[in-house]
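Taking it in order: structure first as structure tokens, then the write-up.
The values are calculated or read from the model by the stated rules, or taken from the named source; none is laboratory data. Keep in mind it's a predicted model, so treat the numbers as computed, not measured. Note that each Cβ is placed from the backbone with ideal geometry, even for glycine, and that neighbours are counted across all protein chains shown. In case anyone asks, the SASA skips ligands and DNA or RNA and just uses the protein heavy atoms, side chains included. Shrake-Rupley method; radii C 1.70, N 1.55, O 1.52, S 1.80 Å.
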Amino acid sequence: MVTAKHRIVIVGGGTAGISVAARLLRRGHSDVAVIEPSDTHYYQPLWTLVGGGHAKASTTARPEASVMPRGATWIRNAAAAVDPDNNTVTCVDGAVYEYDVLVVSPGIQLDWDRVEGLADALGSGGVSSNYRFDLAPRTWDFIKNLRSGTAVFTMPSGPIKCAGAPQKIAYLASDYWRSQGVLSDIDVHLVVPTPRLFGIPAIADSLDAIAADYGITVHTNAEVTSVDADAHKVGVTATGGGGSDTMLSYDVLHAVPHQSAPDWIKSGPLSTGDTGGYVEIDKHTMQHVRYPNVFSLGDAGSSPNSKTGAAIRKQAPVVVANVEAFLAGRPLPASYNGYASCPIVTSSHAMLLAEFDYDLNITPSFPLLDPTKPHRSYWYLKKYGLPFMYWNLMLKGLA
Ligand SMILES: Cc1cc2nc3c(=O)[nH]c(=O)nc-3n(C[C@H](O)[C@H](O)[C@H](O)COP(=O)(O)OP(=O)(O)OC[C@H]3O[C@@H](n4cnc5c(N)ncnc54)[C@H](O)[C@@H]3O)c2cc1C
């Protein structure tokens, strides 16, 4: 039995869901419901600075109620299944919501268990991750207290949110250790599954120089596949040609988990059906390829962009324009070009802002600054400008 019907139902009140809800309400749509179980909304991009000792965790969290747009119906529940043939979402407590249009944006799942021993190791013995709100401050504790030894920073294979985050923390930590005069006593390793540190050669060249300047040993085409917390060792496995299998000991380990669509999406009818299991959408219109009244954006969507809040800023207006056209029976007018930006913090006072589209064309917002090099002004953008823009403009549907 249907619990309630809404014209537009949005699953997930994170970056994507709230941005879309706010824009729809601004454009006069009155029956918008957001299914969101969490009492707290997080600004995750600042977790890197929390782990690097440059921001407090508390500044990244606000009550969900404070970001829920006025006029939206907040359903405090978690979606468990979608039945797109009957236009319904069923929640974990059995409540069923019917929709005319569904927007799916429940974010990405952190698959900690895909690295043997990692889940149990987290939070003690030098092992942490900026990918969890509660652990980002532990990252800083471990970095701050290290005076000599070995530090290992990891990135997993497969799509992850903010693919730059695994290396940003390596640069912030190295910069801190240098400022303390101990960098030369710390052996820093960065393990990445890709052939280079970035997909765009000019930016990869720049990052190679930064890593070399800190004395970081970069292991390419490799990923960490096991953590032995008792022995303080990680197993590294080659992901492709040029990579090699090895063991590294660590005193500090910053680990990033493999990621995929939430299990209930993966096993449901909206999924691509492959291992990632994301919501299968057209990469330009953001409309589901089989169910025209279903749209998706953000980390849960299958569009092959870099999974970032910056991408969502460009996706949200496209989804809203296309939902509106769909409801009016018009052809979908809006198209997303894959824009994403990856703000790579390279020290306590500099940042490189990589902006690009689906074809890896560099698309700088500030063309006067060389987009392949770090700049001091971008550091202030990251620390102050972007959080301000997020809370005050993006979540209100104004940017
Ligand atoms: C360490 C780190 C650094 C980052 N750095 C940057 C950066 O510098 N720049 C940048 O642009 N991006 C960055 N990101 C990425 C950015 O935060 C994400 O891409 C963005 O938040 C994704 O938005 P989303 O709405 O898809 O998912 P989220 O914002 O994660 O929101 C998903 C929402 O869905 C809810 N939900 C989950 N399950 C259900 C369910 N079953 N039913 C209903 N609701 C559900 C959750 O409670 C949550 O509120 C970073 C992320 C991390 C972790």
Rounded to the nearest whole number, the Stokes-Einstein translational diffusion coefficient of the chain at 37 °C and 0.692 mPa s (Kirkwood radius, C-alpha pairs) in µm²/s is 151 µm²/s
DSSP loop trypsin sites (Lys or Arg not before Pro) in the range 114-150 with at most 12 other Cβ atoms within 10 Å of their Cβ, which ones?
R147
Helix by helix, which DSSP H runs in the chain go 24 Å or more along their axis at the Cα atoms and have an average Kyte-Doolittle hydropathy of -0.5 or more?
309-328
Contour minus Cα-Cα span, R26 to T246, at 0.36 nm per residue, comes to 73.7 nm
Using θ = phi - 60° and Karplus 6.51 cos²θ - 1.76 cosθ + 1.60, couplings along the range 29-41 (whole Hz; Gly, Pro as x):
6, 9, 10, 10, 10, 10, 8, 8, x, 7, 7, 10, 10
Residue-count net charge about V20 - beta-carbon cut-off 13 Å; Lys, Arg +1, Asp, Glu -1:
+4
Pop out the ³J(HN,Hα) list for the range 355-362 in order, Karplus 6.51 cos²θ - 1.76 cosθ + 1.60 with θ = phi - 60°, rounded to Hz; leave Gly and Pro as x.
10, 7, 10, 3, 8, 6, 6, 6
Taking the mean number of other Cβ atoms within 10 Å as a proxy for protection, how do you rank 148-159, 60-71 from highest to lowest?
148-159, 60-71
Starting from the Cα gyration tensor of the range 111-259, take the square roots of the eigenvalues, sort them a ≥ b ≥ c, and report rounded, prolate or oblate (rounded when a/c is under 1.5, otherwise prolate if a/b is larger than b/c, else oblate).
rounded
May I ask you to order 254-267, 377-390 by the average number of other C-beta atoms within 10 Å around their residues, highest value first?
254-267, 377-390
Give a residue-ordered list of calculated ³J(HN,Hα) values for the range 367-382 (Karplus: 6.51 cos²θ - 1.76 cosθ + 1.60, θ = phi - 60°; whole Hz; x for Gly, Pro).
x, 6, 9, 4, x, 9, 10, x, 9, 5, 4, 5, 4, 5, 4, 5
So what's the net charge close to V318: Lys and Arg +1, Asp and Glu -1, counting the other residues with Cβ under 13 Å from its Cβ?
+2
Starting from the amide H of V127, placed 1.01 Å from N in the peptide plane, find each other amide H under 5 Å away whose residue is 5 or more places distant or on another chain.
L253
Might you tell me the accessible area per residue for the range 48-147, computed with a 1.4 Å probe and given in Å²?
43 Å²
Could you check the simple spin-label distance between D282 and R76, using points 7 Å along Cα→Cβ, in nm with one decimal?
3.9 nm
Which one of A202, Y390, S341 is farthest out on the positive end of the charge dipole of the chain, using unit charges on Cβ (Lys, Arg +1; Asp, Glu -1) and the Cα centre as origin?
Y390
In what order, largest first, do C162, C91 sit by accessible area if the probe radius is 1.4 Å?
C162, C91
In nanometres, what is the gap between the two model label sites at S226 and A399, each 7 Å from Cα along Cα-to-Cβ?
4.7 nm
Amide H to amide H, which residues 5 or more places from L352 or on other chains are under 5 Å from it, using H placed in the peptide plane?
I344, V345, T346, H375
